[in-house]
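The block underneath contains the structure these notes are about, expressed in structure tokens.
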Amino acid sequence: LSNPPPPAEPLAGRRGLDDSSPVFQVDHSACILCDRCIRACGEVKDNHIIGRTGKGATAGIGFDLNDPMAESGCVQCGECMISVSTTAISFKPVAKVKRSSLGASSEVLPAGELLADPIFTGIPPKFLLWQQGLVVRRRFRAGEVLCRQGDPGNTAFLIKGGRLQVKVYPPSPPPSQSLLGVFLPHNRPEPVLQVELTPANLIFGEMACLSALPRSADVVAMENGEVWELRRNVLDRLMRLPSQRRGI
């Protein structure tokens, strides 16, 4: 009784960096005990693997009986990862987004700038961080062609500034079978549809992006402006927002 036990080591009940999972990485030092991962695992997915461990200064989050993630009953669904508010649970950095080549008038938009735009309100910040590189700002000048009818289309464009002219042409006739026809130039016919797009139209190119079909029109800048070019997975996540689905 005269010799009380020594105080517990700080955070003794917590693990350090747990990279036992083949998919996720758990950094217990980044945990703020918000319990969002517990609710995601128990109430949302009904797996009941994650819970509190320790008490007081030693309290932390544990898998089963404070086992490493890979040795617990975790099914690697990822619900805890998208629910936590810090980097306590994240994807293992095994791959990076492959970015397309950028021109002098293009730049990758950081996740912070996307989150500040009302269009992306409601998308998890972590998603935009992981997809960084798949939203590119493109500034254009009057007369510049953004895309041509028949070009491969795997991106969509959010219109942020400027006016654009859209021209749809009739389908091209099949090439001539004669040898002379191969070398004779064909004059492009008059467009069958011609409209103007502004930021009020929000987006163009989304159908080609979602279907992987060729572009259905020429889009030419009528004045200087700016578009944000999106890859398909970002567009798909944007369309799942109730606030944006109708507009898109």
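The values are calculated or read from the model by the stated rules, or taken from the named source; none is laboratory data. Here the structure is a predicted model, which means the values were calculated and not measured. As a convention, Cβ positions derive from the backbone with ideal geometry for all residues, glycine included, and neighbour counts pool all protein chains shown. With ligands, DNA and RNA removed, areas are computed over all heavy atoms of the protein, side chains included. Shrake-Rupley method; radii C 1.70, N 1.55, O 1.52, S 1.80 Å.
Some notes on this structure:
- Some residue of the stretch 109-127 being of a type in the set (S, T, N, Q) and at pLDDT below 85: no
- Among the candidates Val97, Val135, the residue that is touching a Leu at 6+ places or on another chain (Cβ under 7 Å), at pLDDT 90 or above and not aromatic (Phe, Trp, Tyr) is uniquely Val135.
- Any pair with Cβ under 7 angstrom, 6 or more apart, that starts in the stretch 44-59 at a residue that is without any contact (Cβ under 8 Å) to a residue 40 or more places away in the chain and open to solvent by 50 Å² or more (accessible area, probe 1.4 Å) and ends at one that is in a helix (DSSP H, G or I) and not polar (S, T, N, Q): Val44/Glu79; Lys45/Glu79; Asn47/Cys41; His48/Cys41; His48/Gly42
- Pairs where the first residue, in the stretch 143-158, is on the phi > 0 side of the Ramachandran plot and the second is basic (Lys, Arg) and assigned to a loop (DSSP other than H, G, I, E, B), C-beta under 9 Å, 6+ apart: Gly150/Arg215
- When the residues of the stretch 192-230 are filtered to those that are within 23 Å of Gly161 (Cβ to Cβ) and open to solvent by 80 Å² or more (accessible area, probe 1.4 Å), the one that is farthest from the chain's Cα centre (by Cα) is Gln194.
- Selection over the stretch 213-242 of residues that are in contact (Cβ under 8 Å) with a residue 60 or more places away in the chain and outside any helix (DSSP H, G or I) gives a count of 20.
- Any hit, the stretch 72-82, residues being among the β-branched types (Val, Ile, Thr), modelled with pLDDT of 90 or more, under 16 Å from Ala30 (Cα atoms) and surrounded by 14 or more Cβ atoms within 10 Å (Cβ to Cβ): no
Residue-by-condition table, conditions (1) at pLDDT 85 or above; (2) touching a Leu at 6+ places or on another chain (Cβ under 7 Å):
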| position | (1), (2) |
| --- | --- |
| Cys147 | yes, no |
| Pro152 | yes, no |
| Thr155 | yes, yes |
| Leu164 | yes, yes |
| Pro175 | no, no |
| Gly181 | no, no |
| Ala200 | yes, no |
| Glu229 | yes, no |
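- Residue satisfying all of: in the stretch 231-248; within 27 Å of Gly143 (Cα to Cα) and among the basic types (Lys, Arg); surrounded by the fewest Cβ atoms within 10 Å (Cβ to Cβ) among these: Arg232
- Pick from the stretch 112-127, criterion within 11 Å of the chain's Cα centre (by Cα) and either within 16 Å of Leu158 (Cα to Cα) or of a type in the set (Val, Ile, Thr) (or both), ranking: surrounded by the most Cβ atoms within 10 Å (Cβ to Cβ): Phe120
- Residues that are open to solvent by less than 40 Å² (accessible area, probe 1.4 Å) and in contact with a helix residue (DSSP H, G or I) (Cβ under 8 Å, 6 or more places away or on another chain), drawn from the stretch 132-161: Leu134, Val135, Gly153, Thr155, Ala156, Leu158, Ile159, Gly161
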